[in-house]
Structure formats: structure tokens, C-alpha cells
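To start, the structure itself, in C-alpha cells.
The numbers here are math on the coordinates, done by the rules we state, and not lab data. Bear in mind the structure is a predicted one, so any value in this text is a computation, not a measurement. Positions of Cβ are generated from backbone atoms using ideal geometry, with glycine treated the same way; all protein chains shown enter the neighbour counts.
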Amino acid sequence: MTSLDLDPSEILERYNVKMEKAMTPDDAAAELYPKDDLIRPIAESIYEGEEDDTVEGLKKAIKAGKDPIALIDDALMVGMGVVTKLYDEGIIFLPNVMMSADAMLDGIDFCKSQAKEPPVSKGKIVCHVAEGDVHDIGKSIVSALLRANGFDVVDLGRDVPVDEVIEAVKKEKPMMVTGTALMTTTMYAFKAVNDRLLEAGIKVPFQCGGGAVNQDFVSTYELGVYGEEAADAPKMAEAILAGADLGKLKEQFHQH
Ligand code: B12
């Protein structure tokens with residue numbers, strides 16, 4: 001059969017354009033947005049991947065008195081939660097998620113830029129995403145919260161080779177290191193970082209989090225302390241300042 005033999009109406013019927021339109025991902029997303037008039041447009045702009053709207057929405061919310069750092073959790077994460085849910089359910093796909101992630105990262109940067117700079121640094125912390133892993137939203141939140149709480153963050157970025165983490169720790173001599181891994185294939189880089197640090201005689205607390213890791217995994221290496229929520233990072237840094245040693249930190253941040 002040549003293409004001339006095809007009846008276009010059959011093609012349309014085969015792909016059922018009308019039915020798909022009636023059940024759009026946007027409808028599914030609409031049901032998940034929060035009701036708050038200031039928060040909803042921000043969450044929506046993350047889902048839509050419209051970074052200019054994200055920043056506009058954040059500006060409005062900050063003008064109305066919302067705290068820029070609190071907005072990371074209260075608005076940006078809410079939008080990303082909708083994206084993650086719909087992606088996990090197979091309703092939206094990777095290209096949508098990539099656009100949302102860009103809007104999310106721009107939003108985090110904007111919130112960071114609006115937060116008051118603390119006058120003196122309480123200590124230096126090295127943050128990174130595991131080798132082979134590009135998922136950097138959680139790491140960016142961790143780094144924003146640490147900065148907002150007065151810590152000096154050396155952010156190594158994403159997909160950071162183990163060697164680079166070790167070099168940075170030797171150079172910067174941080175009070176703590178953080179690692180983020182979202183993939184079950186990349187989280188083993190944390191164990192490699194741990195072993196290389198111990199070989200070099202460096203016993204720095206290494207807080208690890210991200211969707212892929214859990215308490216059981218982090219318990220398998222000596223320097224590891226599990227971090228469930230981004231907010232646990234500044235909490236652990238404060239605990240170190242208050243004098244907690246590695247054993248105490250492992251106990252304090254243990255999740256059952
Ligand atoms: C966004 C996303 C992407 C974006 C990432 C953009 C970016 N710049 O980050 C894009 C589209 C690029 C992407 C790509 C891929 N992705 Co993806 N992605 C996701 C998705 C939908 C959401 C992840 C996210 O950002 N969550 C929000 C953040 C805030 O969560 P979080 O990082 O976990 O952080 C929270 C806590 O864990 C904690 N935290 C994080 N780090 C730390 C550190 C410390 C110290 C502390 C205290 C706390 C802490 O704080 C945060 C909240 O408070 C997940 C789905 C899911 N269910 O997670 C899949 C997911 C992670 N992706 C997955 C996969 C497989 C991929 C790809 C391989 C897809 C592909 N076929 O190409 C590629 C990866 C390429 C690579 N080499 O890395 C899988 C991983 C499966 C697995 N078990 O290994 C998931 C789980 C999807 C799935 N269900 O299959 N992805």
C-alpha cells in the first residue's frame with residue numbers, strides 16, 4: 001500500500017486525539033496544586049517549566065512578606081512534588097521534567113539571592129552530587145539552606161568524580177561534607193569517597209541523602225550519616241558546632 005491509499009480520518013481515529021485532549025496531564029496537575037493564591041502560581045510555573053513566571057511568582061510572594069528560603073520548601077518543592085508524582089505515574093515524561101527542573105533550579109537561585117547574607121561564616125561545608133548522577137535539585141536545596149544558615153558552602157556541582165571530592169576536601173578542610181544520590185547505580189560512589197577519605201586519614205562527617213539512599217545503606221560506611229530532609233544539613237552542621245562527634249551525629253540523625 002502507498003501513502004496515497006491512507007484515509008486521514010482513520011489515522012486520527014487510531015491516535016484518538018480528542019480523547020487524549022480531554023484527559024490532559026495539565027488536568028491531572030491542576031488537581032494537585034495548593035490553593036494559596038501566592039503559592040499556586042509558583043507551583044504551576046514549575047510544572048509548566050516557565051522559569052520567568054517562577055521568578056515573578058517568587059517576587060510577588062516575597063513582596064507579600066514570605067521568607068525567600070521558606071519558599072523553597074513551601075512553593076518550589078510543592079511544584080516539583082506535582083512533577084515527580086506525575087512522572088512516577090507515567091503521566092508526563094522526561095522532557096517535561098527537564099524543563100521543570102530548570103525552572104526549579106532558577107527558583108532556588110533566586111531565593112538564595114534574596115536571602116539576607118549572614119555576616120560571618122560559621123564554618124565551611126563541601127557539597128556534591130555523586131559521580132555519574134545529574135540529579136542536583138536536592139543538593140541545591142541543601143546548599144541554599146546551609147548558606148542561609150550562615151555556613152560557607154563549596155558547591156562542587158553534579159556528577160562529581162570521587163577524586164575531585166577528595167581533592168576538594170584536602171584543599172578546603174571542611175567541617176562536614178554532603179553527598180546527594182538519586183540513583184541506585186550512583187550511590188556507591190559515597191562508599192568510595194568514604195574509603196578514600198579514611199585512607200588519607202581524614203575523619204570528616206559525611207552526610208548523605210537523596211532519593212536513592214536510606215539509613216541502612218549509609219550505615220555501611222564509617223563516615224556516613226544519613227540525611228533524610230535537606231533541613232537536616234544545617235541541623236547537623238549546628239550539632240557539629242555544638243561539639244557532637246561522629247558517633248553522636250550517627251545516633252542523633254539515625255532514622256528507624
Ligand atoms: C527531576 C528528575 C530528573 C531530571 C534531573 C534534573 C536535575 N537538574 O536534577 C532529569 C530529567 C535530567 C533526569 C534524568 C534522569 N533520570 Co531522573 N528523575 C527526576 C525525578 C522526577 C525527580 C527527582 C527530584 O529532583 N526530586 C526532588 C528533589 C528535591 O529530591 P531529592 O534530590 O531526593 O532531595 C530531597 C531529599 O532526598 C533530601 N536530600 C537530597 N540530598 C541530600 C543531601 C543531604 C546531606 C541531606 C541532609 C538531604 C538531602 O533533600 C530533599 C528534600 O528535602 C525522579 C523521580 C523520583 N521519584 O525521585 C527521577 C529519577 C531519580 N530519575 C531516574 C532516572 C533513571 C533518570 C535517567 C537515567 C533517565 C534516563 N533514562 O535518561 C536520567 C539520569 C541521568 C544521569 N546520569 O543522572 C530514576 C532513578 C532510578 C534509580 N533508582 O536509579 C528516578 C527515581 C525515576 C524513576 N522512578 O525511575 N531526572
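Before moving on, here are some points about what is shown:
- Helix 94-114 vs. the chain, principal-axis angle (Cα, 0 to 90°, nearest 10): 50 degrees
- Net charge, L146 excluded, C-beta distance under 12 Å - Lys, Arg +1, Asp, Glu -1: +2
- Label separation (Q255 vs K85): 2.0 nm, computed from points 7 Å beyond Cα along the C-beta direction.
- Unit charges at the beta carbon, dipole of the chain: most positive-side option, G179, L38, V78: G179
- Each Cα pair under 8 Å and six or more residues apart adds its separation to the average, and for the range 124-252 the resulting relative contact order is 26 percent.
- Shape metrics for the range 20-114, restricted to C-alpha atoms - Rg then Dmax, Å: 12.7, 41
- For the peptides 242-249, 168-175, the ranking by packing is 168-175, 242-249, with the highest mean count of neighbouring Cβ atoms within 10 Å listed first.
- Take each peptide in 83-91, 157-165, count the other Cβ atoms within 10 Å of every residue, and average; sorted highest first, the result is 157-165, 83-91.
- Taking the inverse of the mean reciprocal distance over all distinct Cα pairs, the Kirkwood hydrodynamic radius of the range 124-252 comes to 14.0 Å.
- Convex hull projection area averaged over all views, the chain, Cα basis, nm²: 18.4 nm²
- Computed from backbone phi, the HN-Hα couplings of the range 196-205 come to 5, 5, 5, 4, 7, x, 9, 9, 8, x Hz, rounded to whole numbers (Karplus: 6.51 cos²θ - 1.76 cosθ + 1.60, θ = phi - 60°; Gly and Pro given as x).
- Order by protection proxy (mean Cβ within 10 Å, highest first), peptides 40-49, 113-122: 40-49, 113-122
- Placing +1 on the Cβ of every Lys and Arg and -1 on the Cβ of every Asp and Glu, with no other charges, gives the chain a dipole of roughly 1280 debye about its Cα centre.
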